[in-house]
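Encoded as C-alpha cells, the structure appears first; notes follow it.
The values are calculated or read from the model by the stated rules, or taken from the named source; none is laboratory data. Just so we're clear, the structure is a prediction, and the values are computed from it rather than from any experiment. FYI the Cβ positions are ideal-geometry reconstructions off the backbone, even for glycines, and counts take in every protein chain you see.
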Amino acid sequence: MSKEVIEILDSDGVTRALTRIAHEILEHNKGIGNLVLIGIRTGGAYLAAQLQQKISEIEGEEVPLGIIDVTMYRDDLCSRSDLAVGQTDIPFRLRDQKIILVDDVLFTGRTIRAAMGAVMDLGRPQSIQLAILVDRGHRELPIRPDYIGRNLPTSRNEQIKVDFDDQNTAQAVHLIKN
Amino acid sequence: MSFNPKHVLGIKDLSAEEITFILDTADSFKEINTRQIKKVPTLRGKTVVNLFFEASTRTRTSFEIAGKRLSADTVNISASSSSVVKGETLEDTAQNIEAMHPDIIVMRHSASGACDYLAERLNCSVINAGDGTHEHPSQALLDAFTIRQHKGKIAGLTVVIAGDVAHSRVVRSNIYCLNKLGAKVKIAGPRTMIPPGLEQLGCEVYTNLEEAITDADCIMMLRIQRERQGKTLIPSLREYARFFGLNEQKLKLAKPDAIVMHPGPMNRGVEIASSVADGQQNVILDQVENGVAVRMALLYLVAGGEKLQDNC
C-alpha cells in the first residue's frame, strides 16, 4: 500500500510560522534580555538557528545559540537500536537565563523531559520555555509548548516529517499517512 | 551506523566503522568531564563490577569514574582482598558475582583469554580491561582517540610503538586498532623483547629506535615491565635507556609536530627521559583524560540497546 503524503507547510509557511514565533518570544519576554536559544539535535538545532536569525532581524542583536543532545537523558536506552550520541555545545552559562528550548515536532513529550533534565544539569536557568514548529498531540507527560508553529491533530500511526535543505533551512512539513 | 555489542573483549574483532563509532561516542561524552556537575543519568540502575586480578590504578580508577559519571553503581574487587587468595577458581568467583546481578563486569586478569572465557560462561556483559599479554582494548581506543584529537585523523600517519613488546597487551590491541584505521605501525625494541612473527599482525619491526622514529607522526613508548621478568631480557636498565630510551636528541628525528605517548606508569630515565615526558610534544595526560571518555562510551554501548531488555 502506498503512503499518502500531505504537505502541511511549504517553505513560505515555515518562514511565516518562525517569524511569528520570534515576535511572540520577544513580546512575551519583553525583548532579548537574558534570553538564550537551545535547539534539540538535530531538527530543533536547525530551527533554533533560524529563530536566532529572525530575532536578529527584528532586534538588531544576536541571542546566544546552543545545541543539546538528549540521548544520555532518554528513558528508553534499553530499547533503542540506534545508540549514536551527538555532541552538546552550549558555550555560555545557563544560570539565571531565560531558555527557549526549540524542537521541530512535539509528540509524547519524552524528548522535552529529557532535554529539561539535560539543561538543568548544566546550570539553573531562570525559566525554560518551549518553542515547537509542529505540535502533533498524543502527550504522555504533562508538557505543553509556549510557542507553536502549527497545531496538527494526528493519529498515532501517522508520521510528521520536517524537510531541511543543504543549508539546514526548513523547507516544508509533511504528514505521512500509513 | 550504530554499534551495540554485548561484550568488548578485544580490538581484533571490531571493524574500522565500529572503532570510529566508539571514538565518536567518546567525543560526545568527553564534554561531561569538564562540567561543573559531572554526571548524567544514562546508566542509572546499572551495576558495574570492576574485577581486577592484577594491580592497576589508572585503568581501574578510569573505569570507576566513567561508570560513576554515567550514574551506574560501581563496585571494585581486587585480587588481594578477594577470595582468590583463598583458592577460589576464576569461574566460581565470577559466578558468585553474577549471582548478585551486575550488568557489566570489567575484568583485568594475568591470563590471556580470561575475559573470553568468562564472556562465554556468564549472562552479563564483560569488558576486557587487560588480559595477560593478549589485549587491552580500552587503552588502544583511548590512544587512537588521543591521536585523532591531536592529528585530526589516523589514516596515513606513521605510529612507532617502542619498548617491551613481548610483555605488552597494549601493543597487540594498538596494532589491530591503528591498522584498521589506516595508520602505518612500526615496532621497535631489543630483539629479546620482540616476539617472533610479530610482522604478521601488520607492522614493520625495527631493532634500532632511531631508524624507526625517523619521520614518525606519533611515538608510543612502552613501559619496561620489571615485574614481568623484563630484566632477564636486557643486560641492564642503563643500557636499555641508552639504546631504547626516548630522549630529546632521538625525538628530533621524528616529524617536528610528532606527539609522544605513554600508557603509563612511566619509568622516567629508562624508556622515556624526563625532558621528553614533560616536554611540549607529550600528550600523556591527554591520554589519561581521554581514557575516562572512551570508557564511558564502552560502558554506554555495552549497556544500551535491546540485548539487555529483559533486565530493564
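Summed over segment A:3-25, residues that are closer than 17 Å to A:Q53 by Cα and of a type in the set (D, E, K, R) total 4. Any residue that is without any contact (Cβ under 8 Å) to a residue 40 or more places away in the chain, among the polar types (S, T, N, Q) and over 18 Å from B:V283 (Cα atoms) - is there at least one of those in segment B:216-233? Looking for residues that are without any contact (Cβ under 8 Å) to a residue 40 or more places away in the chain, among the polar types (S, T, N, Q) and over 18 Å from B:V283 (Cα atoms), one finds at least one in segment B:216-233, hence yes. Just need a number here: residues in segment B:115-131 that are surrounded by 22 or more Cβ atoms within 10 Å (Cβ to Cβ), out of contact with any Gly (no Cβ under 7 Å at 6 or more places or on another chain) and in contact (Cβ under 8 Å) with a residue 60 or more places away in the chain. Residues that pass the stated criteria total 6. Reported count of residues in segment B:17-63, each being within 12 Å of another protein chain (Cβ to nearest Cβ), within 26 Å of B:T93 (Cβ to Cβ) and surrounded by 15 or more Cβ atoms within 10 Å (Cβ to Cβ), is 2.
The residue that is surrounded by the fewest Cβ atoms within 10 Å (Cβ to Cβ), among those in segment B:1-16 that are within 12 Å of chain A (Cβ to nearest Cβ) and not small (G, A, S), is B:M1.
Scanning segment B:289-297 finds one or more residues that are basic (K, R), within 24 Å of B:T34 (Cα to Cα) and within 21 Å of the chain's Cα centre (by Cα).
Inside segment A:115-140, residues that are among the aliphatic types (A, V, I, L, M), more than 14 Å from every other protein chain (Cβ to nearest Cβ) and surrounded by fewer than 21 Cβ atoms within 10 Å (Cβ to Cβ) make up a count of 1. Within segment B:171-181, the set of residues being more than 21 Å from B:E211 (Cα to Cα) and either of a type in the set (S, T, N, Q) or surrounded by 24 or more Cβ atoms within 10 Å (Cβ to Cβ) (or both) comprises B:S173, B:C177. Scanning segment B:9-59 for residues that are assigned to a loop (DSSP other than H, G, I, E, B), in contact (Cβ under 8 Å) with a residue 40 or more places away in the chain and of a type in the set (G, A, S) turns up B:G10, B:S15, B:S56.
Inside segment A:86-145, residues that are of a type in the set (D, E) and more than 16 Å from the chain's Cα centre (by Cα) make up a count of 3. When residues in segment A:38-80 are screened for being β-branched (V, I, T) and more than 14 Å from chain B (Cβ to nearest Cβ), 5 of them pass. Evaluation of B:P263 against the conditions (1) of a type outside the set (D, E, K, R); (2) assigned to a loop (DSSP other than H, G, I, E, B); (3) modelled with pLDDT of 95 or more shows that the sole unmet condition is (3). Here B:H150, B:H136, B:H101, B:H167 are screened, and the one residue that is touching a residue at least 24 places away in the same chain (Cβ under 8 Å), surrounded by fewer than 24 Cβ atoms within 10 Å (Cβ to Cβ) and under 15 Å from the mean Cα position of the chain (by Cα) is B:H167.
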